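One structure is given here, and the rest of the page talks about it.
The values are calculated or read from the model by the stated rules, or taken from the named source; none is laboratory data. Worth saying up front: this structure is predicted, and the values here are computed from it rather than measured. Note that each Cβ is placed from the backbone with ideal geometry, even for glycine, and that neighbours are counted across all protein chains shown. Only protein heavy atoms, including side chains, enter the accessible area calculation; ligands, DNA and RNA are left aside. Shrake-Rupley method; radii C 1.70, N 1.55, O 1.52, S 1.80 Å.
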Amino acid sequence: IYEMRSAFREQLADTLARDPTVQHGIKQWHAMDDEARRDVLQHVVDVQNELAGNPTVRVEIEDTPLRDTSTGKQRSRGHYQPDGPVRLNRSHKSFWDNPEKVIGTTVHEVTHHDQLLLGRGYANGDIDRDDPRYLAAAIFNDGVTHGYVNARTDTGHYQNQLVEKLARATQIVVEQRLEAIGLEQAYSPGRSGIDNHSQSVSDHTRKVGRIM
């Protein structure tokens, strides 16, 4: 499961880093309005789902209120609802103005879409035992559909469950690959710092409805 997921995230990061639409979006991010930014993020979602062989989902931009967690109220960067949409929080300004972080959060949420579809395939008997995805699908079926722990219940457990660790790993690889290109630094000197991922909460949803 780890080797398979690692190979995919490297492929995704390389693909996005070379993608002309993504490169243009990073360069022009601060000149774009919210709808233009959403179009770039929709392209990212479409690319990721095409690589994974999944149906795509829609990106929506919203002003997300502070979320209750087991350690207090925190800002959400984004969340995923089963079969879409992926929602990103534009009211978290330091996050929303950093294209690499926004794209990283977007691929994090789309990773949950992939996990949900694999888990659903396992539950429906659509993935054979000799399929290399079988073990991952079984784990995701349990971790996303049945056993997901949200940040309101236990922030530490939320961050350390396997489905979150794998999504976060994809997010980090993509963010670092895009930052290494140096596109934003070339035109946007002196921008404000960005909160660490651990300081923000991505709230996700599952088959039975939004996890709160």
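With a 1.4 Å probe and every protein chain left in place, work out the accessible area per residue of segment 55-110 in Å², rounded to a whole number. Walk me through the intermediate numbers first.
Values: 1950 Å² over 56 residues.
Result: 35 Å² of accessible area for each residue.
Per residue of segment 101-113, what does 6.51 cos²θ - 1.76 cosθ + 1.60 with θ = phi - 60° give for ³J(HN,Hα)? Whole Hz please, x for Gly and Pro, Karplus curve as stated.
Listing the rounded values in order: 5, 5, 5, x, 5, 4, 5, 4, 5, 5, 4, 5, 4 Hz.
Could you derive backbone 3J(HN,Hα) for segment 10-19 from the dihedral phi with the Karplus parameters 6.51, -1.76 and 1.60 (θ = phi - 60°), listing whole Hz in sequence and x where the residue is Gly or Pro?
Residue by residue, segment 10-19 yields 5, 4, 5, 4, 5, 5, 5, 5, 8, 6 Hz.
Suppose each label sits 7 Å from its Cα in the direction of the beta carbon; what would the E10-D130 distance come out to in nanometres?
According to this spin-label approximation, the distance is 2.8 nm.
Past 23 Å, Cα to Cα: identify those pairs from K27/K73; K73/K101; K93/K165, in the order given. Write out the running numbers ahead of the final one.
Numbers: K27/K73 33 Å; K73/K101 21 Å; K93/K165 25 Å.
Over 23 Å Cα-Cα: K27/K73; K93/K165.
Once you sort the root eigenvalues of the Cα gyration tensor of segment 1-118 as a ≥ b ≥ c, which label holds: rounded (a/c under 1.5), prolate (a/b larger than b/c) or oblate (the other case)?
oblate
For segment 62-127, with only Lys/Arg (+1) and Asp/Glu (-1) charged at the beta-carbon, what is the dipole magnitude about the Cα centre, in debye rounded to 20? Before the final figure, lay out each step's value.
Values: 9 positive and 9 negative charges, 66 e Å.
Charge dipole of segment 62-127: 320 debye, to the nearest 20.
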